[in-house]
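As structure tokens, the structure follows; a few thoughts come after it.
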Amino acid sequence: MNEIDIAVIGGGVVGLACALALAESGASVCVVERESRPGRGMSTHNSGVIHAGIYYPPGSLKARLCFEGRERLYAFCERHSVPHRRCGKLLVASHESEIGELQVLRTRGIANGATSLEMVDADFVRRKEPHVRAAAAVWSPDTGIVEAEALITALGRLCRDLGVAMVVGTAIVDAGPANGSIELVTPHERFRAKTVVNAAGLHADEVSTMLGARPFHIKPCRGEYAEFIPAKRSLVNSLVYPPPLASGHGLGVHLLKTVDGGVWLGPTATYQSRKDDYDSDRMPVDAFVEPARRLLKNVTAADMRVAGSGIRPKLHPPEESFADFMIRRDRDNPRVVQAAGIESPGLTSCLAVGDLVAQIVAEGR
């Protein structure tokens, strides 16, 4: 039976960043990913925005790790030739009644370290985004976009260079204590790990139960996107957001220009029971027209088509508005380090999450 220092369950952007940080510390590391290749889950079913840190409560892990992770991610992308753009974002008030809300968000963002945020007028917006309707906006020059697939590829390559064993197309089906380690069982093998990092995304609650760790519940929340047809992509130059949803379940249906020049509109936010249902009862393009018209003039359903969808691993139910990342040594099974509930800004924060997990693991040795 093989024995390693650390097993990371989940090969998304967070799991790979954790594995990389742990391998850099000198540990022997294995990544176990249920899909046929890393990053096929949440990591590549999102908009790829690099967030500045505007929205999250000051002092929260989301705020801290977004701030710590943002510049590290930009530097990583430069160093490893990952396509990205620091394109900036406009958080717009379509009506004067929303300007006060933007001022509150700017104050919060500055408290979180996003000190470059600037209140701007309609003329500034018009110069940046001629087709966007706005009474005023917050300009965030440090917000950007990254090609998530290329980021996953770069992280995976670096992990393999450091000797991380990548076990893909394999799920953990059982686990139990074994002489000071945790025995992990897959359909094909058994092995032991002194520490297990639970970065299993939508399935982190099931993995936690299997490991004998403290139970929690992941609530799947689907976000759907539309995209503009090629002839209408010139309507948008970068990233344009409305004020976030009052429910706290998303940042509002927004516009973003991807690294390859496409323009997406979304995501929506709908809680559902299944963790693998990306496609049933998809919203028609017509459902995106009203949200689009809040931001752009004269948009019609003919300008858009249905695009992808993603599922976020919420730790809070629909009636609550916020839950922080769960990144900690487990109280019931101290050989488990939880990295769960990593929704937005998880992509932005991934390298900082990896470092925090490595720190927690080191402190427990």
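The values are calculated or read from the model by the stated rules, or taken from the named source; none is laboratory data. In this text the structure is predicted, and so the values were computed from the model without any measurement. Virtual Cβ from ideal backbone geometry, glycine too; neighbours counted across all protein chains shown. For accessibility, only protein heavy atoms count, side chains too; no ligands or nucleic acids. Shrake-Rupley method; radii C 1.70, N 1.55, O 1.52, S 1.80 Å.
When segment 171-195 is limited to residues that are of a type in the set (D, E, K, R) and at pLDDT 95 or above, the one that is least open to solvent (accessible area, probe 1.4 Å) turns out to be 183. The numbered conditions (1) open to solvent by 30 Å² or more (accessible area, probe 1.4 Å); (2) in a strand (DSSP E or B); (3) not aromatic (Phe, Trp, Tyr) are all true for residue 223 except (1).
Quick one: what pairs do we get from segment 151-166, first residue under 17 Å from residue 35 (Cβ atoms), second open to solvent by 50 Å² or more (accessible area, probe 1.4 Å) and among the charged types (D, E, K, R), C-beta under 7 Å, 6+ apart or different chains? What qualifies is 166/160. Taking the conditions exactly as written (in contact (Cβ under 8 Å) with a residue 24 or more places away in the chain and more than 28 Å from residue 216 (Cα to Cα)), does residue 330 satisfy them or not? No; evaluated as a whole, the condition is false for this residue.
Residues that are part of a loop (DSSP other than H, G, I, E, B), farther than 20 Å from residue 5 by Cα and open to solvent by less than 20 Å² (accessible area, probe 1.4 Å) within segment 324-341 comprise 325, 341, listed in sequence order. Residue 347: under 24 Å from residue 12 (Cβ atoms), among the aliphatic types (A, V, I, L, M) and either within 16 Å of the chain's Cα centre (by Cα) or open to solvent by less than 50 Å² (accessible area, probe 1.4 Å) (or both), yes or no? Yes.
Quick grid of which residues meet (1) over 27 Å from residue 278 (Cα atoms); (2) open to solvent by 20 Å² or more (accessible area, probe 1.4 Å); (3) in contact with a strand residue (DSSP E or B) (Cβ under 6 Å, 6 or more places away or on another chain); (4) part of a helix (DSSP H, G or I):
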{"residue": "35", "(1), (2), (3), (4)": "no, yes, no, no"}
{"residue": "40", "(1), (2), (3), (4)": "no, yes, no, no"}
{"residue": "46", "(1), (2), (3), (4)": "no, yes, yes, no"}
{"residue": "53", "(1), (2), (3), (4)": "yes, no, no, no"}
{"residue": "58", "(1), (2), (3), (4)": "yes, yes, no, no"}
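Against the condition out of contact with any helix residue (DSSP H, G or I) (no Cβ under 9 Å at 6 or more places or on another chain), farther than 20 Å from residue 243 by Cβ and not aromatic (Phe, Trp, Tyr), how does residue 48 come out, does it pass? Write out each step before concluding.
Numbers: out of contact with any helix residue (DSSP H, G or I) (no Cβ under 9 Å at 6 or more places or on another chain): no; farther than 20 Å from residue 243 by Cβ: yes; not aromatic (Phe, Trp, Tyr): yes.
Against the criterion (out of contact with any helix residue (DSSP H, G or I) (no Cβ under 9 Å at 6 or more places or on another chain), farther than 20 Å from residue 243 by Cβ and not aromatic (Phe, Trp, Tyr)), residue 48 does not qualify.
Checked across segment 309-319, the condition of being within 30 Å of residue 132 (Cα to Cα) and out of contact with any Ser or Thr (no Cβ under 9 Å at 6 or more places or on another chain) holds for at least one residue.
In segment 295-318, the residues that are over 19 Å from residue 45 (Cβ atoms) form Cβ pairs under 6 Å with partners that are open to solvent by 20 Å² or more (accessible area, probe 1.4 Å) and of a type in the set (Asp, Glu), at six or more places apart or across chains, as follows: 301/286. Identify, please: which residue in segment 269-309 is part of a loop (DSSP other than H, G, I, E, B) and aliphatic (A, V, I, L, M) and is, among those, least open to solvent (accessible area, probe 1.4 Å)? My answer is 299. Answer yes or no: is there a residue in segment 235-250 that is out of contact with any strand residue (DSSP E or B) (no Cβ under 8 Å at 6 or more places or on another chain), more than 23 Å from residue 282 (Cβ to Cβ), at pLDDT below 95 and surrounded by fewer than 18 Cβ atoms within 10 Å (Cβ to Cβ). Scanning segment 235-250 turns up at least one residue that is out of contact with any strand residue (DSSP E or B) (no Cβ under 8 Å at 6 or more places or on another chain), more than 23 Å from residue 282 (Cβ to Cβ), at pLDDT below 95 and surrounded by fewer than 18 Cβ atoms within 10 Å (Cβ to Cβ). Segment 67-154 holds strands (runs of 3 or more DSSP E) entirely within its bounds, and those carrying 3 or more residues that are open to solvent by less than 10 Å² (accessible area, probe 1.4 Å) and farther than 21 Å from residue 20 by Cβ map to 89-93, 136-140.
Of the residues screened, residue 266 is one that is more than 16 Å from residue 230 (Cα to Cα), surrounded by 21 or more Cβ atoms within 10 Å (Cβ to Cβ) and among the small types (Gly, Ala, Ser).
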